[in-house]
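The next block holds one structure in the form of C-alpha cells; read it before the comments.
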Amino acid sequence: MAEEKKFDKSYAEDKDFRHLVRVMNTDLDGRKPILYALTKMKGIKYMFASAICKKADVPMGKKAGYLNDSEVKALEEVLSNLSRAGFPEWMYNRRKDYETGQTKHLFGGTLDFTKEMDIKRMKKTKSYKGLRHQWGLPVRGQRTKSNFRKNKGKGSLGVQKKKVKSGKV
C-alpha cells in the first residue's frame, strides 16, 4: 500500500506560512526553499534560479512559504525584466528569435508553444531537422543502430525461433 505523506504541523500552525506562492502565474510549493521552488517553473533551472535570487536579494535557503509580498514582487520584477536586472545574454533560452531577431527568455506555456512552432516551421520547410522530427528519428546526429527502437515501431529485433508445430516434437 502507498504510504501517506507526512504532514508537518509546524507549517499548519504558523500564520505567516503560505502553502502555495504565486510567482509569474505559477504556483510554487511553499515547503521548499525558494531556490528549488523556482526550478519547478518551466524555463528556469538551478543556475538561473540562483541568479534570480541573488538579483532580487532573496535568501536562497528561505522557504517559499515564508516569503513576504515585497520579496515575491522583487522576484516577479526580476523575472519580467531580465535585461534591466543585468543578466548576460548567454543565460537566455531564446537568443536571436526567428521572427523578431531579439534575445529573450521564455517561461511556461510560451516556451512550449514557441518550441512547437519552431518544429512545425522546420517540417514545413522540409529542412533536415524537420524531416527527422517528422519521421520520429533522432535529430541531433545520434546513432540509430542500437538506440531509439521505441521510435521505430513495435516489432522486436533479433532472431526468433520458429514455432513448434503441434504434434511431433
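The values are calculated or read from the model by the stated rules, or taken from the named source; none is laboratory data. In this text, all values refer to a predicted model and were calculated from it rather than measured experimentally. Note that each Cβ is placed from the backbone with ideal geometry, even for glycine, and that neighbours are counted across all protein chains shown.
Would you confirm whether or not region 142-153 contains a residue that is outside the structural domain of T26 (by TED's automatic domain parsing), polar (S, T, N, Q) and touching a Gly at 6+ places or on another chain (Cβ under 8 Å)?
Yes, because at least one residue in region 142-153 is outside the structural domain of T26 (by TED's automatic domain parsing), polar (S, T, N, Q) and touching a Gly at 6+ places or on another chain (Cβ under 8 Å).
Looking at (1) assigned to a helix (DSSP H, G or I); (2) modelled with pLDDT under 85, which is the one condition that is false for W90?
Single failed check for W90: (2).
When the residues of region 13-32 are narrowed to those that are out of contact with any helix residue (DSSP H, G or I) (no Cβ under 9 Å at 6 or more places or on another chain) and loosely packed, with under 10 Cβ neighbours inside 10 Å, which ends up modelled with the lowest pLDDT? Walk me through how you get there before you give the answer.
Initial filter on region 13-32 (out of contact with any helix residue (DSSP H, G or I) (no Cβ under 9 Å at 6 or more places or on another chain)): 13, 15, 27.
Still in the list and also loosely packed, with under 10 Cβ neighbours inside 10 Å: 13, 15.
Numbers: E13: 64, K15: 74.
It comes out as E13.
I'd like the full set of residues that are within 14 Å of V23 (Cβ to Cβ), without any contact (Cβ under 8 Å) to a residue 12 or more places away in the chain and of a type in the set (K, R), limited to region 62-98.
Selection gives K73 alone.
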